[in-house]
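A short worksheet on the structure shown next.
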Amino acid sequence: MGTALIYDEEMTKYKLLWVDPACKIEVPERLTVSYEALKNSGLADRCVSVPVREATDEDILLVHSEEYLEAVKKTPYMTLEDLKEFTLQYGDVYFHPNIYHCAKLAAGASLQLVDSVMTGKVRNGMALVRPPGHHSMRSAASGFCVFNNVAIAAQYAKLKHGVKRVLIVDWDVHHGQGVQYSFEDDPGVLYFSWHRYEHQKFWPQLRESDYDNVGKEKGEGFNINVPWNKVGMKNSDYLSVFCHMLLPVAYEFNPDLVLVCAGFDSAIGDPEGEMCASPDIFAHLTHLLMNLAGGKVCAVLEGGYNLTSLPQSVCQTVHTLLGDPAPRPANLDGPCESALESLHCSRSAHRKYWSCLKHAAEHPSSDVSTKRLKLAEEEEKVENGEEKEKAEEEVWPEPPKRVTAPVRTALVLPDGVSCPDRCKLFSSSKDPVIVNKLRENFPRDAADSDALTTLSSLVALVEKMEKNEICNGLALVQDVSMAMTCVVQHAAIALSNRVLVVCVGDVLVPAHYKEDGTILLVHFSNKEEEQKSKYHIPVCLKKGCSDVSGFMQAVLGLLLPLGYEYDPSLVLLARTPDSGLCDGAWQQLTGLLQGLAQGHTLVLLQEGERAYVGPTASSLLGEAAPSVGKIKAPLLEDVESMEGLRTRLQVDWKLLQTTAPETG
Ligand SMILES: NCCCNCCCCCS
Ligand SMILES: [Zn+2]
């Protein structure tokens, strides 16, 4: 299934008609440069083009009041003076004779996207729209927004498509207060937003944008705010909040649909956000959402005011929606203290609502640490009194080209096992060099020519992945441990690359590998094993991988942060029959790990598990993993052992941190 792209140039046909410094950044070029970039990169033509439509009054009244709609309806007939007058009643927004028309198209585009995804015409998609929507409220325009596109889309999805649970992820750098107000008492809509806040000094300066605003009445716990109290947040800060706050709660919420308030003013260079995250981070944020709701993800443009980083971020998002592997997450050096404080506050505010957070460290009752941090930040501001270079003067590297490998998924299978369609059956011509090498390294198997054939195919396959001729692969082998040792030896030593090895079940791990960091081994099993080193991490789950909740908690809160920080060039995923891992969790794992190593994932299955070839191949082909259902609370002993592991490891692995280090 494809990716929808919804855009109409009519939405470029309104602009600011008078002088207003607060609004001058919201220009038609935002849309034209974004669409041009999609066209020039060939991404637009790979999408399914879906036409916009005008939202009807009924659609708009799902969120807005009649009096507000009636008032906006009058704006096309207003004189310039009337428009200015009309605008004065709202904050940081402007009207234009054509903005009502465009606002109906922006909302209608969002509904077209929801229809396309919910009817299965496409898997996911993006609506490139303006005016944005997430600030507009029931009876008020705000922050360049007239109708709340995403809020209307959420109500529409519930009403027209019977969606029970909608997750709204707002990665725009501003708080979508309009969305929060619409759903704060609704347990059927989980709203997540991070936003520049600076202790309520940043627009819209609302007390209710802080982390302790968790929703109301039946909606308590279904509103998540992560305030950024400093500018300059980077990729590590964003990924930490995804891994330790958004994703665990999102998997527990188990949504039927994911809507993204895709604002890109949270990217580097933006005059509003003044953050430092690179455009390719949106490839990862998008990827991390694509195994929720069976992949039904609708991204709707909100903000984004730097005309260079905006189109780059839009392209990164659409690349990933199309299934292209994300670029490697370069140099993640861990979240900053302020981000950790915000993460910690938000997690502790939600402890009592979400079992995945039940054991989040209690927020120190006295807000001593927050005050201390605030003072430090104030001092810091005073210190670097000199004008920070303006966001517009920031420079950053062009996101790397994302070349799709000619072959997506290659399979090494023994005779008689059928190859799922769209996969390529792979066997290497017996390269004598490789075979001799293998004879040396595996003398005891030298006799077994089948084993040698398989091993030489594996080595050849790894080499093709290295050259990006093949994206990922799957092998059905007699002996997973031996195959793993062979691949590890070849990949880590021969190709001197970093290999992330993830073992599920009681795989005999290659003991004799060097401790030099060329391999990071994470081993999920039910056997207590003391942690050998920074690079050999046993994750012990009492009920092994059969406890989906504990397993998913470990994947999201431990494996993903480790994997992102390690940034391997190859991911080797091995499972043995005793793992007890259910299909859904296995496919979630296979799906999520493809965000690393440019998607170069090699899966090793034991011969007896040929039933897993199909599901694994579908995940490797980029199909969304099935939902694993509502995640429950992990076993207490598992939580304790995972938190113990985190405490020990976070000294070396900064992305594992969930609280600011206690200093002073
Ligand atoms: N420095 C200009 C102040 C603009 N404040 C409103 C921003 C609305 C963003 C919508 S994503
Ligand atoms: Zn914004």
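The values are calculated or read from the model by the stated rules, or taken from the named source; none is laboratory data. Given the structure is predicted, the values throughout are model-derived calculations rather than measurements. A quick note on method: Cβ atoms are made from the backbone with ideal geometry, for glycine too, and the neighbour counts reach across all protein chains shown. Accessible surface areas use protein heavy atoms only, side chains included; no ligands, DNA or RNA. Shrake-Rupley method; radii C 1.70, N 1.55, O 1.52, S 1.80 Å.
When the Karplus curve 6.51 cos²θ - 1.76 cosθ + 1.60 is applied with θ = phi - 60°, which whole-Hz ³J(HN,Hα) does each residue of region 141-156 get, with x for Gly and Pro?
7, 6, x, 6, 9, 10, 10, 7, 3, 6, 5, 4, 4, 5, 4, 5
Once neighbouring chains are kept in place and the probe is 1.4 Å, which whole percent of the accessible area of region 2-328 is contributed by carbon and sulfur?
Values: 4810 of 9420 Å².
Heavy-atom surface of region 2-328 belonging to carbon and sulfur, 1.4 Å probe: 51 percent.
Can you list residues from other chains, or at least 5 along the same chain, whose modelled amide H is less than 5 Å from the amide H of Asp270?
Long-range HN contacts for Asp270: Met275.
If you put +1 on each Lys and Arg Cβ and -1 on each Asp and Glu Cβ, how big is the dipole of the chain around its Cα centre, in Debye rounded to 20?
Around 1460 debye, computed over the chain.
Say a paramagnetic label sat at a point 7 Å from the Cα of Lys121, along Cα to Cβ; which residues of region 28-52 have their backbone N under 18 Å from it?
Only 44-52 fall inside the zone, counting backbone N under 18 Å.
For Val403, what accessible area in Å² do you get when you roll a 1.4 Å probe over the heavy atoms of the protein chains, rounding to the nearest 10?
100 Å²
Which whole-Hz couplings ³J(HN,Hα) result when phi for each residue of region 22-39 is put into the Karplus expression 6.51 cos²θ - 1.76 cosθ + 1.60, θ = phi - 60°, listed in order with x for Gly and Pro?
With coefficients 6.51, -1.76 and 1.60, one gets 6, 10, 5, 6, 8, 10, x, 4, 3, 7, 5, 5, 5, 5, 4, 4, 5, 5 Hz.
In whole angstrom, and with the biggest value first, how far do the Cα coordinates of region 2-328 range along each principal axis?
51, 44, 40
If each DSSP helix of 4+ residues adds -39,500 (n - 2.57) and the sum is divided by the residues in the chain, what number results at 222 nm, nearest 500 deg cm²/dmol?
Details: 23 runs with 230 residues, N = 664.
So the helix-based figure for the chain works out to -10000 deg cm²/dmol.
DSSP loop trypsin sites (Lys or Arg not before Pro) in region 73-160 with at most 13 other Cβ atoms within 10 Å of their Cβ, which ones? Each step should come with its number before you reach the end.
Details: sites: Lys73, Lys74, Lys84, Lys104, Lys121, Arg123, Arg138, Lys158, Lys160; in loops: Lys74, Lys121, Arg123, Arg138.
Hits after loop and neighbour filter: Lys74.
Please report, for the Cα atoms of region 407-629, the Rg to one decimal and the Dmax as a whole number; what are they, in angstrom?
16.1, 49
With a 10 Å radius around each residue's Cβ, average the other Cβ atoms per peptide and rank 636-642, 468-474, highest first.
Working: 636-642: 16.9, 468-474: 23.1.
The packing order, highest mean first, is 468-474, 636-642.
Return one whole number: the accessible area per residue of the chain in Å², for a 1.4 Å probe. Let's see the in-between values first.
Working: 24010 Å² over 664 residues.
Per residue, the chain has an accessible area of 36 Å².
Under 1.5 on a/c is rounded, so check that first for region 1-108, then, if it is not, pick prolate when a/b is larger than b/c and oblate when it is not; a ≥ b ≥ c are the square roots of the alpha carbon gyration tensor eigenvalues. Intermediate values should be presented prior to the final figure.
Values: a/c = 2.84, a/b = 1.51, b/c = 1.88.
Note, shape of region 1-108 comes out oblate.
Tally the DSSP beta bridges in region 407-629 and give the antiparallel ones as a percent, rounded to 5.
Working: 1 of 35 bridges.
Here the antiparallel bridges make up roughly 5 percent for region 407-629.
Grab the eigenvalues of the alpha-carbon gyration tensor for region 58-126, scale each by 5, take roots, and send me the semi-axes largest first in whole angstrom.
Working: eigenvalues 179, 30, 19 Å².
They are 30, 12, 10 Å, listed from largest to smallest.
Would you work out which of Leu604, Ser569, Ser546 lies farthest towards the positive end of the dipole of region 407-629, given +1 charges on the beta-carbon of Lys and Arg and -1 on that of Asp and Glu, about the Cα centre?
Ser569
Report the calculated FRET efficiency for Lys401 and Arg422 (r = Cβ-Cβ distance, R0 = 35 Å), to the nearest 0.05.
Numbers: r = 24 Å, r/R0 = 0.69.
Efficiency at R0 = 35 Å is approximately 0.90.
State the volume of the convex hull built on the alpha-carbon positions of the chain, expressed per residue in Å³ and rounded to an integer.
On the way: hull volume 99.0 nm³, N = 664.
Cα convex hull per residue, to the nearest whole number: 149 Å³.
How would you classify region 194-353 from its alpha-carbon gyration tensor, with a ≥ b ≥ c the square roots of the eigenvalues: rounded for a/c under 1.5, else prolate if a/b is greater than b/c, otherwise oblate? Don't skip to the answer; put the middle values down first.
Numbers: a/c = 1.57, a/b = 1.15, b/c = 1.37.
It comes out oblate by the Cα gyration axes.
Check Ile224: other-chain or 5+ apart residues with amide H under 5 Å from its amide H, H built from backbone geometry?
Placed amide hydrogens put Tyr191, Phe192, Ser193 under 5 Å from Ile224.
Expressed as a whole number of Å, what is the distance separating the alpha-carbon centroids of region 1-77 and region 105-178?
12 Å
Which links in Lys39/Lys401; Lys424/Lys467; Lys24/Lys84; Lys24/Lys390; Lys527/Lys630 stretch past 19 Å when you go from one Cα to the other?
Working: Lys39/Lys401 15 Å; Lys424/Lys467 17 Å; Lys24/Lys84 14 Å; Lys24/Lys390 17 Å; Lys527/Lys630 26 Å.
Cα-Cα > 19 Å for Lys527/Lys630; rest within.
Using a 1.4 angstrom probe on heavy atoms only, work out the carbon and sulfur share of the accessible area of region 407-629 in %.
On the way: 4000 of 7740 Å².
Answer for region 407-629 is 52 percent, counting heavy atoms of protein chains only.
Would you pull out the residues with amide H under 5 Å of Leu521's amide H, same chain only if 5 or more places away, H placed 1.01 Å from N?
Val501, His536, Ile537
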